[in-house]
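Take a look at the structure below.
The values are calculated or read from the model by the stated rules, or taken from the named source; none is laboratory data. Computed from a predicted structure; not experimentally measured. Note that we place each Cβ from the backbone using ideal geometry, even for glycine, and neighbour counts take in every protein chain shown.
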Amino acid sequence: MYVKNILLRKGHDVISISPEGTMLETAKVLRENKIGAILACDPDGKMCGVISERDIVIAIARSGGEVLDKKVGDYMTTGVYTCKAEDSIKQVMEVMTSRRIRHLPVVGDDGSIVGMISIGDVVKERMSETEAEAEALKAYIAT
């Protein structure tokens, strides 16, 4: 199984926010879209970073509620790890586990963002793959 299989199921929509947006605006977008992370992109759509629920909670814990009025660019993670649609589920699981990250932007050959996957998406895909393998083995044994 590959990342492209996840994108076929969930779609290629990517929600983003400007690095100039506030942390509160970001929290609202996360809640409204029921997502755990969002890309911060410049006006040309180029990815500048990513900000997650965890980043917001850590910022509040360190500096108090006033961070909600601060810019996303001050708290986002830069140097974002990415994957490609052709990467295997095993490859992205290894990256997510070793780097302790839960979201990966998916980039095309030209570097453009073509989707976003979460650890939940990866686990769901892996479980489907495992179930299909088990069913195939049962059918093989039964024949």
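Restricting attention to the stretch 1-35, the residues that are over 16 Å from Met116 (Cα atoms) and among the charged types (D, E, K, R) total 5. The residue of the stretch 125-143 that is modelled with the lowest pLDDT, among those that are closer than 19 Å to Leu7 by Cα and acidic (Asp, Glu), is Glu129. Looking only at the stretch 1-24, residues that are within 19 Å of Ser52 (Cα to Cα) and either surrounded by 16 or more Cβ atoms within 10 Å (Cβ to Cβ) or small (Gly, Ala, Ser) (or both) come to 8 in all. The sole residue among Asp55, Asp42, Asp69, Asp13 that is among the charged types (D, E, K, R), under 27 Å from Gly108 (Cβ atoms) and over 16 Å from the mean Cα position of the chain (by Cα) is Asp42. Which condition number in (1) out of contact with any Cys (no Cβ under 7 Å at 6 or more places or on another chain); (2) touching a residue at least 12 places away in the same chain (Cβ under 8 Å) is the one that Val92 fails? That leaves (1) as the condition not met.
Of all the numbered requirements in (1) in contact (Cβ under 8 Å) with a residue 24 or more places away in the chain; (2) under 19 Å from Ile15 (Cβ atoms), Ile101 misses one, and that requirement is (1). Contact map, the stretch 105-124: first residue farther than 15 Å from Lys90 by Cβ and without any contact (Cβ under 8 Å) to a residue 40 or more places away in the chain, second residue buried (at least 16 other Cβ atoms within 10 Å of the Cβ) and small (Gly, Ala, Ser), Cβ cut-off under 8 Å, separation 6 or more or different chains; pairs are Gly108/Ala85.
Here Gly65 clears all of (1) modelled with pLDDT under 95; (2) touching a helix residue (DSSP H, G or I) at 6+ places or on another chain (Cβ under 9 Å); (3) more than 19 Å from Gly36 (Cα to Cα) except the condition numbered (2).
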